[in-house]
Amino acid sequence: MFDIEKIRADFPILSREICGKPLVYLDNAATSQTPSCVFERISDTYCRINANVHRGVHTLSQEATDAHESARERVRKFINAPKSEEVIFTRGTTESINLVASSFGKKYLSDGDEIILTVMEHHANIVPWQLLQSDKKIGLRVVPIDEHGVLDQEVYRSLFNERTRFVSLSHVSNVLGTVNPVKEMIRYAHEKGVPVLIDGAQAAPHLRIDVQDLDADFYVLSAHKVYGPTGIGVLYGKEKWLNEMPPYQGGGEMIAHVDFEKTTFGNLPFKFEAGTPDYVGTTAFASALDYVDRIGLENIASHEAGLMKYTTERLMKIEGMRIFGTAPEKSSVISFLVDGIHHYDMGMLLDKLGIAVRTGHHCAQPLMTSLGIEGTVRASFAVYNTQAEADAFITAVEKVVKMFK
Ligand code: PLP
């Protein structure tokens, strides 16, 4: 049974007041709140089993190693990866994409090669590819969107040529909420012999991810958007690529043998995990995924879809309201502007009314440019948001609009 009050009780931060008003947290696409089982796990790890992993013979080290490696298996199950060795822990989506761009780029890209991105990408899926351009003359080709925020598939297919080496795109847009047809896009890229990375940062909290069904070559996500701790991310990669790609960083943990003449590298996943991993974070992330599974991603998604429909319909009744992103397949994000009101003004005034939303370009400046705007106000839902909160948010927006009349 989906018991919203019981769920809310798991998130102590939700009982805070902001400016004397109950907090309505609608900035979930930036970071979701963490349930108590996650920070209790952090505290338990520090209180009971804290010790460096992988290289200790003593009991604490073995327990910490077991917990960390179980977390890897937990993530494998969450995304249905074939093998836990294909799950690399990183600091987040950003680091995962930088790892692939740098390592894949070194091994497989040369002057004149091309990479396909989309106009809706987060900067984390643009800048790492641009960094390669200081070494190699790589071309970036960009898929545009239509007026609903849907990717133009015809243009996508037309961008492939004999120099196309890689496709990197988001599963769900952090601004428009568009759920991209990544399975079909991957299938097309594979027909052309091109591997694909999917940025799942905004998909993981809302959609069931099955990397085998998608046939994704790489899939990346961040724990802090899936009710987990900050500073933990995932890079899933097919073994065939990860085995061939050179290490990203060097140091302890990632080696087989070190000599001043020659060093050999460890096996997967350790080859890509130099240094002491954040085993406190990975184990806490496993608890977050258990929490999500206990509620059920499908239940979470249908609860959020109800809130999205209700809020969108009511917001549309406000004079001067413009919503960016009206794709038929849309996730839990509403980006909007009201004529004559700057997004920062709207965001700051909403904060005074207890409502936390995000304002600005949302790390998607090329998308803003293509929409001909500087930024939006973005409200995004999570499992613990209620219809009463949606009402409070809509009433607050109406109040701000009245202030500007
Ligand atoms: N990609 C998308 C689609 C995002 O929404 C975000 C964060 O908002 C990122 C990448 C970057 O994630 P992180 O900052 O956790 O590395």
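Which one, 272, 174, 43, is farthest towards the positive end of the dipole of the chain when Lys and Arg carry +1 and Asp and Glu -1 on their Cβ?
174
For a quick check: with amide H placed at 1.01 Å from N, whose amide H comes under 5 Å from residue 27's, ignoring anything fewer than 5 positions away on the same chain?
380
Helix 343-352 versus the longest principal axis of the chain: what is the Cα-based angle in degrees, 0 to 90, to the nearest 10?
Once rounded, the angle reads 80 degrees.
Rounded to the nearest 20 Debye, what is the dipole magnitude of the range 40-293 about its Cα centre when Lys and Arg each give +1 and Asp and Glu each give -1 at the C-beta?
260 debye
Which whole-Hz couplings ³J(HN,Hα) result when phi for each residue of the range 305-313 is put into the Karplus expression 6.51 cos²θ - 1.76 cosθ + 1.60, θ = phi - 60°, listed in order with x for Gly and Pro?
4, x, 5, 4, 5, 4, 5, 4, 4
How far is the Cα center of the range 78-129 from the Cα center of the range 279-337, in Å?
25 Å
Starting from the range 214-266, pick out the trypsin sites (Lys or Arg not before Pro) whose DSSP state is loop and whose Cβ has at most 13 other Cβ atoms within 10 Å.
On the way: sites: 225, 238, 240, 262; in loops: 238, 262.
For trypsin sites (Lys or Arg not before Pro) across the range 214-266 that sit outside H, G, I, E and B with at most 13 neighbouring Cβ atoms in 10 Å, the list reads 262.
Specify the angular offset, from 0 to 90 degrees and rounded to the nearest 10, of the alpha carbon long axis of helix 59-79 from the longest principal axis of the alpha carbons in the chain.
That works out to roughly 60 degrees.
Enumerate the calculated ³J(HN,Hα) couplings along the range 115-122 in order (Karplus 6.51 cos²θ - 1.76 cosθ + 1.60, θ = phi - 60°), each rounded to whole Hz, writing x wherever the residue is Gly or Pro.
So the J values, rounded to whole Hz, are 10, 9, 10, 10, 5, 8, 5, 5.
Could you give the dipole magnitude of the range 51-167 about its Cα centre, charging the beta-carbon of Lys and Arg +1 and that of Asp and Glu -1, in debye to the nearest 20?
The calculated dipole for the range 51-167 is roughly 400 debye.
If you count, for each residue, the other Cβ atoms within 10 Å and average over each peptide, how do 304-314, 111-121, 227-237, 392-402 line up from highest to lowest?
Final packing ranking: 227-237, 111-121, 392-402, 304-314.
Can you tell me the convex hull volume per residue for the range 40-293, based on C-alpha atoms, in Å³ to the nearest whole number?
Taking the convex hull of the Cα positions in the range 40-293, it is 124 Å³ per residue.
Would you please give the residues with an amide H less than 5 Å from that of residue 54, counting only those at least 5 places away or on a separate chain, with H modeled from the backbone geometry?
65
At a Cα cut-off below 20 Å, give the aspartates and glutamates reachable from residue 240, other chains included and same-chain residues fewer than 8 away excluded.
Excluding near neighbours in sequence, the set is 73, 85, 86, 191, 199, 210, 213, 215, 217, 273.
Measure up 21/225; 106/238; 330/405; 6/83 against 29 Å on the Cα-Cα distance and list the ones that go over.
Beyond 29 Å: 330/405; 6/83.
Using the Karplus equation 6.51 cos²θ - 1.76 cosθ + 1.60 (θ = phi - 60°), what ³J(HN,Hα) coupling, rounded to whole Hz, does each residue of the range 281-297 give in order, writing x for Gly and Pro?
Running phi through 6.51 cos²θ - 1.76 cosθ + 1.60 with θ = phi - 60° gives x, 5, 5, 5, 5, 4, 5, 5, 5, 4, 4, 4, 5, 4, 7, x, 4 Hz.
Quick check on packing: order 363-374, 193-204 by the mean number of other C-beta atoms within 10 Å, highest mean leading.
Top to bottom by mean Cβ count within 10 Å: 193-204, 363-374.
Quickly estimate the mean residue ellipticity at 222 nm for the chain, helices only: each DSSP H run with n ≥ 4 gives -39500 (n - 2.57), and the total goes over all residues, rounded to 500.
-11500 deg cm²/dmol
Leaving out ligands, DNA and RNA, what percent of the accessible area of the chain is carbon and sulfur, probe 1.4 Å?
Result for the chain: 52 percent of the exposed heavy-atom area is carbon or sulfur.
Averaged per residue, what accessible area in Å² does the range 40-293 show with a 1.4 Å probe, protein chains only?
Each residue of the range 40-293 exposes 41 Å² on average to a 1.4 Å probe.
Have a look at 285, 248, 361 and report the one farthest towards the positive end of the charge dipole of the chain, computed about the Cα centre with Cβ charges (Lys/Arg +1, Asp/Glu -1).
The one lying farthest along the dipole's positive direction is 361.
Classify the range 1-144 as rounded, prolate or oblate from the Cα gyration tensor: take a ≥ b ≥ c as the square roots of its eigenvalues, call it rounded if a/c is under 1.5, otherwise prolate when a/b beats b/c and oblate if not.
Note, shape of the range 1-144 comes out oblate.
Could you name the aspartates and glutamates in cross-link range of residue 137, using Cα to Cα under 14 Å and dropping any fewer than eight places away on the same chain?
Within the straight-line cut-off, residue 137 pairs with 111, 113, 114.
The values are calculated or read from the model by the stated rules, or taken from the named source; none is laboratory data. This is a predicted model, so every value here is computed, not measured. Neighbour counts are summed over all protein chains in view; Cβ atoms, including those assigned to glycine, are modelled from backbone coordinates with ideal geometry. Calculation scope for accessible area: heavy atoms of the full protein, side chains included, ligands and nucleic acids excluded. Shrake-Rupley method; radii C 1.70, N 1.55, O 1.52, S 1.80 Å.
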